[in-house]
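> Mind looking over this structure? Questions follow.
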2 protein chains.
Amino acid sequence: MSHALQKNSIALFSLTLLLMVATTADGQSTTDLNVMPLPSKVQMGSGSLKIDGAFTVAFTGVKEVRLDRAGLRFMDTLHHRTGLVFVHRATDPSHATLVVTTDHESKPVQEVGEDESYSLEVSSSGAKLHATTSLGTLRGLQTFLQLVAITPNGFAAPAISIQDQPRFPWRGLMIDVARHFIPLDVLKRNLDGMEAVKLNVFHWHLSDNEGFRVESKKSPKLQEEGSDGLFYTQEEIRELIVYARDRGIRVVPEFDMPGHSTAWFVGYPELASGSGPYQLERKWGVFDPAMDPTNEKTYKFLNEFLGEMAKLFPDQYLHIGGDEVNGKEWDSNPKIQAFMKSHDIKNNEGLQAYFSQHVQEIVVKHGKTPIGWDEILVPGVSKNIVIHSWRGADSLSAAAKQGYRSILSNGYYIDLGWSAARHYAVDPMGGSAANLVPEEKERILGGEATMWSEYVNWENIDSRIWPRTAVIAERYWSPQSTTDVASMYFRMEAEGSRLEWLGLTHRTYQRPMVERMAGDAPAAQVNALLWLARVLEPVKDYNRESLQNEEPTSLNPLNRMVDAVHPESEVSRQFSVSVDQFVTSSCKDSAKAAALRSQLLQWAAIDAQVQPLAHTSSLVQDAVPASSAFSQASEIALTALDRINQGLPVPEALKKQQTDALAAFETQAHKSQLTLPTLAAFQKLVDASGTGGACTASK
Amino acid sequence: MSHALQKNSIALFSLTLLLMVATTADGQSTTDLNVMPLPSKVQMGSGSLKIDGAFTVAFTGVKEVRLDRAGLRFMDTLHHRTGLVFVHRATDPSHATLVVTTDHESKPVQEVGEDESYSLEVSSSGAKLHATTSLGTLRGLQTFLQLVAITPNGFAAPAISIQDQPRFPWRGLMIDVARHFIPLDVLKRNLDGMEAVKLNVFHWHLSDNEGFRVESKKSPKLQEEGSDGLFYTQEEIRELIVYARDRGIRVVPEFDMPGHSTAWFVGYPELASGSGPYQLERKWGVFDPAMDPTNEKTYKFLNEFLGEMAKLFPDQYLHIGGDEVNGKEWDSNPKIQAFMKSHDIKNNEGLQAYFSQHVQEIVVKHGKTPIGWDEILVPGVSKNIVIHSWRGADSLSAAAKQGYRSILSNGYYIDLGWSAARHYAVDPMGGSAANLVPEEKERILGGEATMWSEYVNWENIDSRIWPRTAVIAERYWSPQSTTDVASMYFRMEAEGSRLEWLGLTHRTYQRPMVERMAGDAPAAQVNALLWLARVLEPVKDYNRESLQNEEPTSLNPLNRMVDAVHPESEVSRQFSVSVDQFVTSSCKDSAKAAALRSQLLQWAAIDAQVQPLAHTSSLVQDAVPASSAFSQASEIALTALDRINQGLPVPEALKKQQTDALAAFETQAHKSQLTLPTLAAFQKLVDASGTGGACTASK
C-alpha cells in the first residue's frame, strides 16, 4: 500500500464520519447514531460493546410466548446481519450480554395507545433493555439491532443511553390487495419491515372493485366469484394476525363500501343498486356500481358478514371505507329515487350518510369501532368513529376540531412515486393542525402510508414500500423536530440495507427484472440497461394513467422498465447533491468535476448499448424513448460541465437551446412512462456554464 | 437516434446471434437453442409460438396428483419468468396452447432407470408434449420452460421438434448438511433447481462428525445430543420427500459409518471404539472416533436405527458411507485387537470389511440396497451393492469390471471451486471406463455432484452449487459428444438467470454480503468492493485450509470476501476470452483494445477505494492483500496493453520483472484465501507486449 493511497484513505474516511453525524430531535450531535426512527432521547457514551459469537440475550420479568419467539427472531436477525455464528441461543441473565427486562404483559388484543416505551443502555461491558410492556421490549430490540455495525474491530454497538417512546399511537401501513393480489409471504416480510421501523398498524385493504380477498364462510360467493381464486383463507388470516401480534402490530381490516364494491356483486348482485350482472373490474378508478342503501336485505347481509369478520379480526377497529361513490347507479334507479323522496333524503351525499350510519351501527353492534375515509365525516355522525383523512390534511384537523379522532394518509400515498423528502415534510401536526388546542391535537392519532396496488405485485411491491416507508415511520415515531433531510437520507439508505436481511426484496428485485427485459444479451448491454434502471424513475402522481396508449388493467404484465425502476433513484439523488455542491462553490473542485464527468460519460454511453436490445426484446423497445432521451440529456450536461471546467463563455442562445432540449427530453421520456430525475441537476450545469470557471481556469 | 448508433446496434445484434448458435450432440447447428441440458435429438422448425396472457396448458392421458401440481408450478414459473398474467389456470385440451399427454403412471416409489423420455413439438400454432410416464412429462415441461424467451414481438418459444431421454439413470446432487446445517427451505429451492436441469437423485449426507441431522424416535439422543438442535424432524423429512417426488427426484439418505460418526457418539458413546466422552467436532477432516465393529450391541443399535430409517425413506437405496477410517481407536483398544486375533482379521481394512458386511446385511434385511463410498469395495462383498467412486475414476471402472454397479463423484466435487469447464470435461465413461465392454458399461449408472459443506451455509450454498451443477447435469443427461465449451458457458449463464426465478440465490447473495462487509460506506467504495468480489475467486481444492492463520471450525462466521466471491468468476472468464482473441489476432482490434483498457482502468482503481474501507471494517481488512494485489496486477496488464497498442518494444528484463511481479501478486492474494483468475490473461498481455503492434501502429 503506497503512502499516497494511505492519505487518500484517511480523507475518505473523514468524509464517511462526517456523513454519519446525525442529529436527534433536540439538536444534539449523535455521531454514528445510524438508527431509524431516531429515538426521542439519546445520550452517547464512550466505547462500544463488542458483538461476537459469544453474544447472548436473556429475558427477565414477565413471561410471554411472543417474547420467546422475539428472542429467537432477534438472534436470527443478528446472525443474518453479521454472519456471526452464535453457539448459545439462550442463557441466564447473570451471564447474558444483553439483559431484557419486561415489567408487565401487554393487552391480549393490542390497543391504541398502549405503552410502547423502552430504555436501552449499552456500555462496553453489556447492555440492558427495559420496558413497561412487551410492546416496548419489541421496539427496543429493534433499536439494539440497528445499533450493531461493523467496525475496525469486528461488529459492535456503540455505548449509548436511550429513552424512547412514540409520538403517535397509530403508525400504519395500508396494503391494497384488491387491484393486485399480494401473496401471504409477501405480506409477512413487509410485517417484518414494519416491526423493524416500529410501525404498529397493518391496514389490510381487503376488498375493492377488482377483487374480494377474504374467505367468508357465511357468504362464500364473495371470494368464490369475486377473487379469481386469489384470496386468503380464514386460517391464513388468523396466521397473519398471530404473525403481526408477534411483532406488536395490529391488523385493521377494511371492507370498502358502498362504492369500490363491484367484486361483492359478482356473487351477490342483489346487494347492488344496478341491475347487473356484474363482473370483476380489470381497470381501476371510480366505477358506477354501489350498494343499495335503501334495501333492508343489504343491511341484513352486511350484519351477517361483518359479524363474521368481527370475530375473525380481533382488533377493536374495523375500516368501512366509504370513499369515492359517484352515485350514478343511485341516480338511475327509480326505486332508490322514490325512497330518497319518501325519506326526505336530498342528495346522494345524504343517501351515503344514511348508509354509513346504518353500517356504523352494525359495526358497533358487533363490538367494534368504525373507521372510514373522510367522506364519512358528515354532520351528526357518531363521535365514536375514526376519520381517515385522504383527500387533504384539512379534514384531519376539521375532524379533530369537531371532536373526532383522526389519522392522516394524505401526503403518505407511497404509490405516487414521491421522494422520501416530500413525504418526510408532511406532518400530521402540520398545516391547519398546528393551530389546534392540545385537547384537539390529542385526537390526531397518527397516520398511515398507503400502498395502492394498481401498479405493484409480488415482484416490485417491496420497492414501492421500502425504504421510503421507514422515513414515514420516523415521522410518526420521532419528535416533530426531527427534520434533517441529509441525515434522513443517510439513515434511510442504511436502514434499506438492513431491511434486506429480513427477506425484503426492495433492492434485489431490480436486476432480475432488467435481465428478464434483456434476455440473454451480452453483459455490456445488460449492464447498460441496469444503469438506466438505476437512474430513472416512474412518472409521478397519476400521470402513468394518461401516458399509456391503452387503458391499463390488472391483467397487464408489470414487466417493463417503469415497473422495474425505483420510485426514488438514489443514484440520481446523489448526483444531484454533488451538482449542487459543485455549482454553488465559488471555486470549482476539480476532483468533483472529474467524478461528475465520469458519471455523465457513462450515462451518455447507455443508449448505444440499449438500442441493440430493442431489436431483440419487445420489453426494451418500450424503454428506448427514455434511454435515448437520457443519454442525449447527459451529453448536454457533459458539454455544460466541460465549458465550466474550461472557463469558456457560453452564448445565451446556446443555453436557451440546451434548456429547451432538456425539457424536450423529459417529454420524450414520458413516452416510456419514465421521468429523468437528474434533469434539474443537468439544468443547473447548463445555467452555471459560462458564468465563471473552475479554479484551474480562473487562476 | 443517430445513424451511427443505428449501425452500431446492428453490429452488436449480429454478435448476439453468433453467440446464440449452439450445437447439439450430433453437431447440427441449433440457433437459439438455449437449453441445458441439451436434448439428445433436435430438429429446428421455422417460426415460433407466441406466449402471452392467453397461454394455457392442458393435461391428458393418465391422471396423477403430482401432474396437477406440476401444471400449477409450471404456470407459476412461466409467470415469474415472463411477468405475464395468465387468466386461465387450466383449460381443456382442445383449446390449450400446450397439450401434455402422459401415457402411464410412474412407479409409486421412483426407480433407477424408469423411463424419463419425452417428445416435444412446438409450432407457431401450438405445442405438444408427450411422455410414456409422468417422469418424462416433468422433464419435458422443464425443456419447454427453457425454450421461452423474449423476442422483438414479446415472449415466444421457437418452433422445434425434440426427442429426448437421459444418458444415465442416476443423476445426483449430494448435499452435506452435517458440517453446516442447511435449512429445509434452502434444500427445497435446490430441489427446484435440480428439477430444472433434470437431475433425479438428491443424496442427503445426513450425519458426520459435526452433526447428526435426522430425528430418530427410537434413538432420540442421536439428534438431541448430536445436532446443537439443528436437525430435520421426521415430518420435515417426509415433506421433503414428497417435494422431491413431485419433481421426479429420488431421495437417498446417507448415514456415514463406521468413521465420520463422532456425532452419533455424543449421545451413544457405547457405539464407539474409544472410551469417550465425545463432543461434536467443530473442525473437519478425518478424526479417530469410529464405531466398534466387534460389539454385537453396535449391530443391534444399527439394526433398530436403520430399520426406522428404511421406513422413513422410501427409496430403494440407502447410503452407508464407509469412507476415511483412520483406525486409531481400533489400534488402541485391546478388546478390539483381541477380537481381530480371535477372528483372524489381519488388519483394519479387514475389520472395516467385517463391519461393512454386517451393516450391508442389516440394510438388505430391511429391504434396501446398500450404496457406499468406494472403500466398501473389498473382495467378496455382495454384488448387490452400489459403489460410489470418490477417490478416483479408476474405482468406477474397476467396480463395473467386477460386476458392481457404480456411480462417479470424483471430478464432481463442487466444493473445490473448479471451473465449469473442468467439471464438464469429466465423463463417467471417460478414462479407463472407455475401455469397458458394453455389459460392464451398463453398470455405470451415472454420477453425483457433491456439495460438502465445510465452507457453505444457507447464505452462499446456492452460489457453490449453481450454475455449475447445471453443467454437470448436462454431462449426465446429454449425449457424450456434447462438449462445446463456448456453447456450454453461454447456456450455463442463461440457465443461471432462469434458475433465479425459482428462488435460488446464487447471484443475489453476493451484494448483501459485500454490503455487510462494507457497512454504511459511500457508494463508490461499496461498488469497488463489489467489483472486486465479482472478479476474484476462492483458492481452489483444499488450499483454503492451509492458508488460514487458525484452524477453521464450523463456528467461524462465513462472512468474508472468500465466502462472498463466486467459485468461477464470469467477469474474469469473459475478460480472459477477450484477451485470448486480442492477443492471437495478428491485427489488433482497436475497439477490443479500448474495451480491455477500460476494464483494466476500473480494476486498477479498485484498491484506492477499498483501502479506506479497511479502516472502518475488520471484514474488509481481510480482503486487502487481494485487493491490493489485484489492482497492482491490473496496472501491469494495463502497461502491457498500452505497449501493445503503441507498438512499443519491451525489454525482456522488464517482461521478466512483470512476470515475477504477477506471480508475487497471486501469492499475496492467497493471504486473503483468494486467487486472481485473470492472472493468466494478464500474463498473456505481458507476453504479447513488444512483439508487434496494433494495426494503427503497424500501418
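The values are calculated or read from the model by the stated rules, or taken from the named source; none is laboratory data. Because the structure is predicted, anything quoted here is derived from the model rather than measured. Cβ placement follows ideal geometry from the backbone for every residue including glycine, while neighbour counts extend to all protein chains displayed. The accessibility values were calculated without ligands, DNA or RNA, using every heavy atom of the protein model including side chains. Shrake-Rupley method; radii C 1.70, N 1.55, O 1.52, S 1.80 Å.
> Which FRET efficiency value, to the nearest 0.05, is calculated for A:Thr584 and A:Gln43 with the Förster distance at 25 angstrom and r the Cβ-Cβ distance?
So the FRET efficiency works out to roughly 0.10.
> Separate question: Tell me, what ³J(HN,Hα) does each residue in the range B:147-156 have, in order and in whole Hz, if you take phi through Karplus 6.51 cos²θ - 1.76 cosθ + 1.60 with θ = phi - 60° and put x for Gly and Pro?
Running phi through 6.51 cos²θ - 1.76 cosθ + 1.60 with θ = phi - 60° gives 6, 6, 8, 6, 9, x, 10, x, 7, 7 Hz.
> Could you sort the peptides B:109-117, B:656-664 by per-residue average Cβ neighbour count (10 Å cutoff), highest mean leading?
Those peptides, ordered most packed to least, come out B:109-117, B:656-664.
> On to the next question. Report, in deg cm²/dmol and to the nearest 500, the calculated mean residue ellipticity at 222 nm for chain A, where each DSSP H run with n ≥ 4 adds -39500 (n - 2.57) and the sum is divided by the residue count.
-13500 deg cm²/dmol
> Another one. Note the full-extension length gain between B:Ser618 and B:Arg238 as 0.36 nm times their separation in residues minus their Cα-Cα distance, in nm to one decimal.
Answer, rounded to one decimal: 132.5 nm.
> Name the nearest-to-axis residue of chain A, judged by Cβ distance to the rotation axis taking chain A onto chain B, and quote that distance in whole Å.
A:Thr508, 2
> A follow-up question, please. In Å, what is the Rg of the alpha-carbon atoms in the range A:140-207, and how long is Dmax?
16.4, 52
> How much of the accessible area of the range B:350-441, probe 1.4 Å, is carbon plus sulfur, in whole percent?
56
> Mind checking the dipole of chain B: about its Cα centre, +1 per Lys or Arg Cβ, -1 per Asp or Glu Cβ, Debye to the nearest 20?
Here the size comes out at about 1440 debye.
> For B:His104, place a label point 7 Å from Cα along the Cα-to-Cβ direction in every copy; what are the distances to the other copies, in nm, shortest first?
7.2
> Over all directions, average the projected area of the Cα convex hull of the range B:465-547 and note it in nm².
The orientation-averaged projected area of the Cα hull of the range B:465-547 comes to 7.8 nm².
> Report the normalised scattering of the range B:464-603 as log10 I(q)/I(0) at q = 0.12, 0.13, 0.15, 0.18 Å⁻¹, calculated by the Debye formula with identical scatterers on the alpha carbons.
Rounded to two decimals, the profile gives -0.67, -0.78, -1.00, -1.25.
> Quick one: 3J(HN,Hα) in Hz for the range B:177-186, Karplus 6.51/-1.76/1.60 with θ = phi - 60°, rounded, Gly and Pro as x.
So the J values, rounded to whole Hz, are 10, 8, 4, 10, 5, 10, x, 4, 5, 5.
> Taking each residue of B:612-623 in turn, how many C-beta atoms of other protein chains fall within 10 Å of its C-beta, and what is the average?
Rounded to a whole number, the mean comes out at 5.
> Taking all pairs of distinct Cα atoms, average 1/r, flip it, and tell me the Kirkwood hydrodynamic radius of the range B:392-489 in Å to one decimal place.
Hydrodynamic radius (Kirkwood, Cα only) of the range B:392-489 equals 14.1 Å.
> Pull up the cross-link candidates among the aspartates and glutamates for A:Lys41, meaning alpha carbon to alpha carbon under 19 Å and not fewer than 8 places away within one chain.
A:Asp26, A:Asp32, A:Asp115, A:Glu116, A:Glu121, A:Asp164, A:Glu474, A:Asp484
> Using the Cα centre of the protein assembly as shown as the reference point, and only Cβ charges (+1 on K/R, -1 on D/E), how large is the resulting charge dipole? Debye, rounded to the nearest 20.
1660
> With N denoting the number of residues in the range B:183-337, provide Rg(C-alpha) divided by 2.2 N^0.38 Å, to two decimal places.
The value comes to 1.08.
> Taking a label point 7 Å out from Cα toward Cβ, give me the nm distances from A:Ala680 to the same spot in the other copies, shortest first, one decimal.
Going from nearest to farthest copy, the values are 5.3 nm.
> Right, next: Provide, in order from the shortest bin, the percent of all Cα-Cα pairs of the range A:503-552 in each 5 Å bin, continuing until the bin that contains the maximum pair distance.
4, 17, 19, 17, 20, 16, 6, 0
> Post the alpha-carbon centroid distance, the range A:160-237 to the range B:620-699, in whole angstrom.
57
> Could you tell me which residue out of A:Ile407, A:Ile444, A:Ala127 lies farthest along the dipole of chain A toward its positive end? Charges go on the beta carbon: Lys and Arg +1, Asp and Glu -1, centred on the Cα centre.
Working it through, the farthest residue towards the positive pole turns out to be A:Ala127.
> Okay, next question. Please report the relative contact order for chain A, taking Cα pairs under 8 Å with a sequence separation of at least 6, and give it as a percent rounded to a whole number.
11
> Please report Rg (one decimal) and Dmax (integer) in Å for the Cα set of the range B:33-184.
When restricted to Cα atoms, the range B:33-184 yields Rg and Dmax of 16.3, 53 Å.
> So if R0 is 60 Å, what FRET efficiency would A:Glu545 and B:His104 give, r being the distance between their Cβ atoms, rounded to the nearest 0.05?
Computed FRET efficiency for A:Glu545 and B:His104 comes out at 0.70.
> Might you tell me the accessible area per residue for the range B:575-660, computed with a 1.4 Å probe and given in Å²?
It amounts to 40 Å² per residue over the range B:575-660.
> Oh, and also: Find the sum over both chains of the accessible area lost when B and A are paired, probe 1.4 Å, and report it in Å² to the nearest 100.
Interface between B and A: roughly 5000 Å².
> Would you pull out the residues with amide H under 5 Å of A:Ser453's amide H, same chain only if 5 or more places away, H placed 1.01 Å from N?
Under 5 Å from the amide H of A:Ser453 lie the amide H atoms of A:Asp176, A:Arg179, A:His180, each far enough along the sequence or on another chain.
> Shifting gears a bit: Which of the GluC sites (Glu not before Pro) found in the range B:430-490 are loop residues per DSSP with 13 or fewer other Cβ atoms within 10 Å of their Cβ?
Sparse-neighbourhood loop GluC sites (Glu not before Pro): B:Glu442.
> Run through the other copies and list how far each one's label point is from that of B:Pro152, in nm with one decimal, shortest first; the point sits 7 Å from Cα along Cα-Cβ.
Label point to label point, same position, other copies: 5.9 nm.
> With a 1.4 Å probe and every protein chain left in place, work out the accessible area per residue of the range B:357-504 in Å², rounded to a whole number.
31
> Taking the Cα centre of the protein assembly as shown as the origin and placing charges on Cβ (Lys, Arg +1; Asp, Glu -1), which of A:Val65, A:Gln621, A:Ala434 is farthest toward the positive end of the dipole?
Among A:Val65, A:Gln621, A:Ala434, the one farthest towards the positive end of the dipole of the protein assembly as shown is A:Gln621.
> Give me the dipole magnitude in Debye, nearest 20, for the range B:367-438 about the Cα centre, with unit charges on the beta carbon: positive for Lys and Arg, negative for Asp and Glu.
220
> Rounded to a whole number, what % of the accessible area of the range A:610-699 do carbon and sulfur atoms account for, probe 1.4 Å?
Exposed carbon and sulfur together represent 58 percent of the surface.
> Between B:Val386 and residues 5 or more places away or on another chain, which pairs have amide H atoms under 5 Å apart, with H built 1.01 Å from N, and which residues are they?
The list, which skips near neighbours in sequence, is B:Ile371, B:Gly372.
> Report the calculated FRET efficiency for B:Leu72 and A:His343 (r = Cβ-Cβ distance, R0 = 45 Å), to the nearest 0.05.
0.30
> Taking 8 Å as the Cα distance limit and 6 or more residues as the minimum spacing, I'd like the relative contact order of the range A:325-422 as a percentage.
16
> Pairs to check: B:Lys300/B:Lys401; A:Lys217/A:Lys300; B:Lys300/B:Lys328. Give those whose C-alpha atoms are more than 26 Å from each other in this structure.
B:Lys300/B:Lys401
> Also: Can you pull the mean other chain C-beta count within 10 Å for peptide B:511-523?
Across B:511-523, the average partner-chain Cβ count within 10 Å equals 6.
> Can you run phi through the Karplus equation (6.51, -1.76, 1.60; θ = phi - 60°) for the range A:522-533 and list ³J(HN,Hα) in whole Hz, with x for Gly and Pro?
x, 4, 4, 6, 4, 4, 4, 5, 5, 4, 4, 4
> Oh, and also: Mind grabbing the base-10 log of I(q)/I(0) for the protein assembly as shown at q = 0.04, 0.06, 0.08 Å⁻¹? Debye formula, identical points on the C-alpha positions, no solvent, two decimal places.
The Debye formula, applied to the Cα set alone, gives -0.27, -0.61, -1.12.
> Here is a follow-up. Would you work out which of A:Pro169, A:His80, A:Leu138 lies farthest towards the positive end of the dipole of the range A:78-175? Charges go on Cβ: Lys and Arg +1, Asp and Glu -1.
A:His80
> If you don't mind, another one. Taking amide H positions as placed 1.01 Å from N in the peptide plane, with prolines and chain starts having none, which residues 5 or more places from A:Arg250, or on another chain, fall under 5 Å of its amide H?
Sorted by chain and number, the residues that satisfy this are A:Val201, A:Phe202.
> Okay, next question. Take chain A, drop everything but the C-alpha atoms, weight them equally and run the Debye formula without solvent; then report log10 I(q)/I(0) at 0.05 Å⁻¹ to two decimals.
Log-scaled intensity ratios, in q order: -0.27.
> While we're looking at this one, here's another question. Per 5 Å bin from zero, what fraction in whole % of the C-alpha pairs of the range A:590-679 is there, up to the bin with the longest pair?
Spelled out per bin, shortest first, that is 3, 14, 21, 22, 18, 12, 6, 3, 1.
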